[in-house]
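The values are calculated or read from the model by the stated rules, or taken from the named source; none is laboratory data. No experiment lies behind these values; they were computed from the predicted model shown. Every residue, glycine among them, receives a Cβ derived from its backbone with ideal geometry; neighbour counts consider all protein chains shown. The area values use the complete protein model at the heavy-atom level, side chains included, leaving out ligands, DNA and RNA. Shrake-Rupley method; radii C 1.70, N 1.55, O 1.52, S 1.80 Å.
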Amino acid sequence: MEPPNEILLTEETIGRSAPIRIRQPEGTYHLTPASRISLLTIGEHEGLLSGVGIDWGCGTGCLGIAAARIPTVQQVVGLDSSGPDIQAARANAELNGVAGCVTFLHSDSFRPYAEADRHILAGLEGRVDFIVANPSASRGDDGFSLRRRVIAEAGSFLRDRGLVCLQISIQYSTARIDELARDNAGYVHEGVLGSTVWVPFDLNRSDLRRQLDEYAAEEQRGGLDYAFGDPRDGGASILDAKAAIELYRESGTSPLTQWQVHAFRYCAHATS
């Protein structure tokens, strides 16, 4: 059997001097540009994170491990629906010396599969100070429903003034981002904590090409437009998904995006 791939995350990636080692066995979730901006944001804004945290959709554990190494963070619980990823995350916590303060649970969002794990998470209701989340694009809709799910289901766990650090790439458009706070009572969108520069939404990757096709289909159904940067003017102009596909077909040039982390503050007693 081939040994698992190991990635050394250094200061350039995680915003701090002590590196993190992540082993990724075959078939587990691999680091992406979205993972890397999420890691860098944690490192650059560690003063915002303290107490008890949740890593939603933890994959092989990199965000939860990074958060657990912040001196003011006491406990992190990672949640993921992939059993192999959870196993890898637990091993990575051991590898990085944080197994004593990080717990990884096999879970469908905030609903662990095992009864014992459900008791663990139930004990965090109303006690969570922060949530970090780097969801993938959802399938069969506009690609945004996992992010809606994070915000909608997090409220029962967050303390008053709890923080959600949610990765949202810019192509989803401000309209979808604004609806997260508008449609979920108690949340305030506090803006962007971290962002890449304009980078290609690499349509040579089959998963991203599939996503773009689904985005164009959503526009065709009458859904909200998407917002890609036009590479012909460095992102000064905006392309919807249909125009982005046409550009790629004509020239082989991928549209641009920015991978970002947005901050949402939860005010437990707010009504709107």
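Projecting the Cα positions of Ile7, Ile37, Leu63 onto the charge dipole of the chain (unit charges on Cβ atoms of Lys, Arg, Asp and Glu, taken about the Cα centre) puts Leu63 furthest along the positive direction.
Helix 33-44 and the longest principal axis of the Cα set of the chain meet at an angle near 50°.
Volume per residue, Å³, of the convex hull around the alpha-carbon atoms of the stretch 131-272?
Values: hull volume 14.6 nm³, N = 142.
In the stretch 131-272, the Cα hull volume divided by residue count equals 103 Å³.
Scanning residues 5 or more positions from Gly51 or on other chains, those with amide H under 5 Å from its amide H are Val73, Gln74, with H placed 1.01 Å from N in the peptide plane. Remark: relative contact order (the stretch 76-159) = 26 percent; criterion is Cα-Cα distance under 8 angstrom and separation of 6 or more residues. The trypsin sites (Lys or Arg not before Pro) of the stretch 120-195 that meet both conditions, a loop assignment by DSSP and at most 15 other Cβ atoms within 10 Å of the site Cβ, are Arg127, Arg139. Against the main long axis of the alpha-carbon atoms of the chain, helix 206-220 sits at an angle near 60°.
If I compute solvent accessible area with a 1.4 Å probe over the protein chains, what percent of it on the chain is carbon and sulfur?
Working: 5920 of 12090 Å².
Carbon and sulfur together cover 49 percent of it.
For the stretch 207-254, a simple Cβ point-charge model (Lys and Arg +1, Asp and Glu -1, everything else neutral) yields a dipole of about 100 debye relative to the Cα centre. Between the stretch 81-121 and the stretch 36-73, the alpha-carbon centres lie 15 Å apart.
With equal scatterers on the alpha carbons only and no solvent term, can you work out the Debye log10 of I(q)/I(0) for the stretch 43-139 at 0.19, 0.24 1/Å? Evaluating at q = 0.19, 0.24 Å⁻¹ gives log10 I(q)/I(0) of -0.84, -1.31. For Tyr187, the amide hydrogen comes within under 5 Å of the amide hydrogens of Cys267, counting only partners 5 or more places away or on other chains and with H modelled in the peptide plane.
What is the distance in Å between the Cα centres of the stretch 187-205 and the stretch 220-254? Going from one Cα centre to the other spans 16 Å.
Computed about the Cα centre, the dipole magnitude for the chain is approximately 440 debye when only Lys and Arg (+1) and Asp and Glu (-1) carry charge, each at its Cβ.
At 0.890 mPa s and 25 °C, plugging the Kirkwood radius over alpha-carbon pairs of the chain into Stokes-Einstein gives what diffusion coefficient in µm²/s? Intermediate values should be presented prior to the final figure.
Numbers: Rh = 19.1 Å.
Stokes-Einstein gives a translational diffusion coefficient of 128 µm²/s.
Amide H to amide H distances under 5 Å link Arg69 with no residue, where only residues 5 or more positions off or on other chains count and H is placed in the peptide plane.
Counting DSSP beta bridges with both partners in the chain, what percentage is antiparallel, nearest 5? Before the final figure, lay out each step's value.
On the way: 25 of 45 bridges.
Expressed as a percentage, antiparallel bridges in the chain total about 55.
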